[in-house]
Amino acid sequence: MTAAPLPDRAGSSDDTGALLQIRHLRKLFDSFVALDDVSLDVSRGEVVVVLGPSGSGKSTLCRCINRMEKPTSGSIRIDGVEVPQEGRALAQLRTDVGMVFQSFNLFRHLSVLDNVMLGPVRVRGLTTTDARREAMDLLDRVGIGSKADGMPAELSGGQQQRVAIARSLAMHPKIMLFDEPTSALDPEMVSGVLDVMVELAADGMTMLVVTHEMGFARKAADRVVFMDAGNIAEIATPDDFFDHPSTERARDFLSKIL
Ligand code: ADP
Ligand code: MG
């Protein structure tokens, strides 16, 4: 008997087994090239920090990964499965890919606890008892347990962002995307959020993090990706990138922010 053809998820010959596999991703807005030709692997448990000047395509990259934007061409696979176009499969993808934005986007009319419980009850089908227990654990983990019954508006920006992280984690994502999670925060709120992210990384979460926090990149990143004009200009370890950037564009970028 001949072997059956391999199912899709066993992958084509370029399947590296990485949790996130981006191949020749291209995204145009009309004729404007936001992403030109981006290929990137992120392994399980890896933390990749994405740096680059404003307009280089960092947010568009994140938004293509969780399908908030439709790529013009190229492929994105998560855990071996091509990111789906629509329907149920897309809903599943959205639970696999957690995303935390600059603006926290909490549901303002729901308590902190309800913000974290909503997805698990509605999408994962947990009982309210189980969802509450899990949400409380997550809120404790991000240091907000005592605020569970409060409303988002009663929290500082940093606390709201930590709730947003807990809310994402409650969906049990395979990978977490962060798009400048601390950029909208008052300076004194930044470290609390970064501490939560460092812990998450240490716990083994796979993370793609767009940030201008170079301290975080040095401390938590396994690799740094430097983007310029819709392409990856450089991929390196943090030490190599910060101490010996190999491209002129990266040297220029670093000279402006460090
Ligand atoms: P970054 O996050 O690195 O600052 P973005 O990914 O947000 O960059 O944007 C990359 C480029 O694509 C920018 O020039 C931006 O103006 C453009 N762009 C992003 N989103 C849209 C959109 N919805 N329509 C048109 N142009 C867009
Ligand atoms: Mg951006």
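The values are calculated or read from the model by the stated rules, or taken from the named source; none is laboratory data. All values reported here derive from a predicted model rather than from experimental measurement. Neighbour counts are summed over all protein chains in view; Cβ atoms, including those assigned to glycine, are modelled from backbone coordinates with ideal geometry. Surface areas here come from the heavy atoms of the whole protein model, side chains and all, with no ligands, DNA or RNA. Shrake-Rupley method; radii C 1.70, N 1.55, O 1.52, S 1.80 Å.
Rundown of residues vs (1) assigned to a loop (DSSP other than H, G, I, E, B); (2) within 16 Å of ligand 2 (Cβ to nearest atom); (3) closer than 19 Å to Phe178 by Cβ, yes/no style:
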residue	(1), (2), (3)
Arg23	no, no, no
Asp36	no, no, no
Asp41	no, no, yes
Val49	no, yes, yes
Arg63	no, yes, yes
Ala91	no, no, no
Met99	no, yes, yes
Leu106	yes, no, yes
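Glu69: open to solvent by 20 Å² or more (accessible area, probe 1.4 Å) and within 14 Å of ligand 1 (Cβ to nearest atom), yes or no?
Working: open to solvent by 20 Å² or more (accessible area, probe 1.4 Å): yes; within 14 Å of ligand 1 (Cβ to nearest atom): yes.
Criteria met by Glu69.
What number of residues within the stretch 67-78 are within 14 Å of ligand 2 (Cβ to nearest atom) and either outside any loop (DSSP other than H, G, I, E, B) or not charged (D, E, K, R) (or both)? Before the answer, list the steps.
Here is the first cut: in the stretch 67-78, the residues within 14 Å of ligand 2 (Cβ to nearest atom) are 68-69.
Going one step further and asking which of them are either outside any loop (DSSP other than H, G, I, E, B) or not charged (D, E, K, R) (or both), we end up with 68.
Residues in the stretch 67-78 being within 14 Å of ligand 2 (Cβ to nearest atom) and either outside any loop (DSSP other than H, G, I, E, B) or not charged (D, E, K, R) (or both): 1 in total.
I need a count of the residues in the stretch 123-133 that are open to solvent by 50 Å² or more (accessible area, probe 1.4 Å) and in a helix (DSSP H, G or I).
Within the stretch 123-133, the first condition is being open to solvent by 50 Å² or more (accessible area, probe 1.4 Å), and the residues that meet it are 123-125, 127-130, 132-133.
Okay, now just the ones that are also in a helix (DSSP H, G or I), so 128-130, 132-133.
Residues meeting the conditions: 5.
With the checklist (1) in a loop (DSSP other than H, G, I, E, B); (2) open to solvent by 20 Å² or more (accessible area, probe 1.4 Å) in hand, flag the one item Pro173 doesn't pass.
Result: Pro173 passes all but (2).
Does Gly55 satisfy the condition of being surrounded by fewer than 20 Cβ atoms within 10 Å (Cβ to Cβ), at pLDDT 95 or above and within 14 Å of ligand 1 (Cβ to nearest atom)? Lay out the reasoning, then the answer.
On the way: surrounded by fewer than 20 Cβ atoms within 10 Å (Cβ to Cβ): yes; at pLDDT 95 or above: yes; within 14 Å of ligand 1 (Cβ to nearest atom): yes.
Considered against the rule, which asks whether it is surrounded by fewer than 20 Cβ atoms within 10 Å (Cβ to Cβ), at pLDDT 95 or above and within 14 Å of ligand 1 (Cβ to nearest atom), Gly55 comes out as yes.
Which of the helices (runs of 4 or more DSSP H) found entirely inside the stretch 193-258 contain at least 1 residues meeting this: closer than 24 Å to Phe29 by Cβ and either in contact (Cβ under 8 Å) with a residue 12 or more places away in the chain or within 21 Å of the chain's Cα centre (by Cα) (or both)? I'd like the intermediate steps shown before the answer.
On the way: elements: 214-220, 238-243, 248-257.
Counting at least 1 such residues, we get 248-257.
Mind checking whether some residue in the stretch 89-106 is open to solvent by less than 30 Å² (accessible area, probe 1.4 Å) and either within 13 Å of ligand 1 (Cβ to nearest atom) or hydroxyl-bearing (Ser, Thr, Tyr) (or both)? Don't jump to the end; show me each part of the working.
We begin by selecting, within the stretch 89-106, every residue open to solvent by less than 30 Å² (accessible area, probe 1.4 Å); these are 90, 93, 95-100, 106.
Now drop any that are not either within 13 Å of ligand 1 (Cβ to nearest atom) or hydroxyl-bearing (Ser, Thr, Tyr) (or both), which leaves 95.
Looking for residues that are open to solvent by less than 30 Å² (accessible area, probe 1.4 Å) and either within 13 Å of ligand 1 (Cβ to nearest atom) or hydroxyl-bearing (Ser, Thr, Tyr) (or both), one finds at least one in the stretch 89-106, hence yes.
Anything in the stretch 134-149 that is open to solvent by 60 Å² or more (accessible area, probe 1.4 Å) and either at pLDDT below 95 or more than 28 Å from Thr211 (Cα to Cα) (or both)? List them, or say none. Let's see the steps before the verdict.
The first filter runs over the stretch 134-149 and keeps only residues open to solvent by 60 Å² or more (accessible area, probe 1.4 Å), leaving 137, 140-141, 146-147, 149.
Scanning the stretch 134-149 gives Ser146, Asp149.
Would you mind finding the one in Leu118, Leu110 that is open to solvent by less than 40 Å² (accessible area, probe 1.4 Å), more than 17 Å from Ile65 (Cα to Cα) and not small (Gly, Ala, Ser)? Spell out the reasoning first.
Working: Leu118 fails: open to solvent by less than 40 Å² (accessible area, probe 1.4 Å).
Going through Leu118, Leu110 in turn, just one is open to solvent by less than 40 Å² (accessible area, probe 1.4 Å), more than 17 Å from Ile65 (Cα to Cα) and not small (Gly, Ala, Ser): Leu110.
Could you check the stretch 180-202 and list, in sequence order, the residues that are within 16 Å of ligand 2 (Cβ to nearest atom), in contact with a Phe, Trp or Tyr (Cβ under 9 Å, 6 or more places away or on another chain) and open to solvent by 20 Å² or more (accessible area, probe 1.4 Å)?
We begin by selecting, within the stretch 180-202, every residue within 16 Å of ligand 2 (Cβ to nearest atom); these are 180-185.
Those still in the list that are in contact with a Phe, Trp or Tyr (Cβ under 9 Å, 6 or more places away or on another chain) too: 180-182, 184.
Passing the criteria: Glu180, Ala184.
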